[in-house]
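Chemist: Once you've had a glance at the structure underneath, I'll fire off some questions.
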Amino acid sequence: MWRDVAGWLLFPLGYVVWVFLRGAWVGEYPYPFIDVAQLGWARVGVNALGVMGVFVVLGLVVVGLDHLLGRHRRPL
């Protein structure tokens, strides 16, 4: 279960790394809650961790529903 959720975090983690690299190079960020120039690294780090937390919770909900529905499935 945790392995599935951790795997789903690879894309958002890669995306946020790309956004930070691109933002440092170009000087603009696609979302105001990760704008390092205006908020600073500490606040942006908290915001990024919050978004990752949402992904973890949603991933756990999906995995939990899969397990719950899988137990109640009738054999064919």
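The values are calculated or read from the model by the stated rules, or taken from the named source; none is laboratory data. Small disclaimer: the values here were computed from a predicted structure and weren't measured. Counting neighbours? That spans all protein chains shown, and the Cβs are built from the backbone with ideal geometry, glycine included. Note: accessible area is taken over every heavy atom of the protein model, side chains too, but ligands, DNA and RNA are not part of it. Shrake-Rupley method; radii C 1.70, N 1.55, O 1.52, S 1.80 Å.
Chemist: Assuming R0 = 25 Å, what is the FRET efficiency of Val57 and Asp35, from their Cβ-Cβ distance, to the nearest 0.05?
Modeler: 0.55
Chemist: Given a 1.4 Å probe, how much area per residue of the chain is accessible, in Å²?
Modeler: 81
Chemist: Next up: With +1 assigned to the C-beta of every Lys and Arg and -1 to the C-beta of every Asp and Glu, and no other charges, what is the dipole magnitude of the chain about the Cα centre in debye, to the nearest 20?
Modeler: The calculation lands at about 380 debye.
Chemist: Provide the gained length on full extension for the span Leu49 to Phe20, in nm with one decimal, where the gain is 0.36 nm per separating residue minus the Cα-Cα distance.
Modeler: That works out to 9.1 nm of additional length.
Chemist: With the full set of protein chains in place, find how many percent of the accessible area of the chain is carbon and sulfur; take the probe as 1.4 Å.
Modeler: Roughly 70 percent of what the probe reaches on the chain is carbon or sulfur.
Chemist: Just one of (1) 13.4; (2) 15.1; (3) 14.3 is Kirkwood radius over Cα pairs in Å calculated from these coordinates, so which is it?
Modeler: (3)
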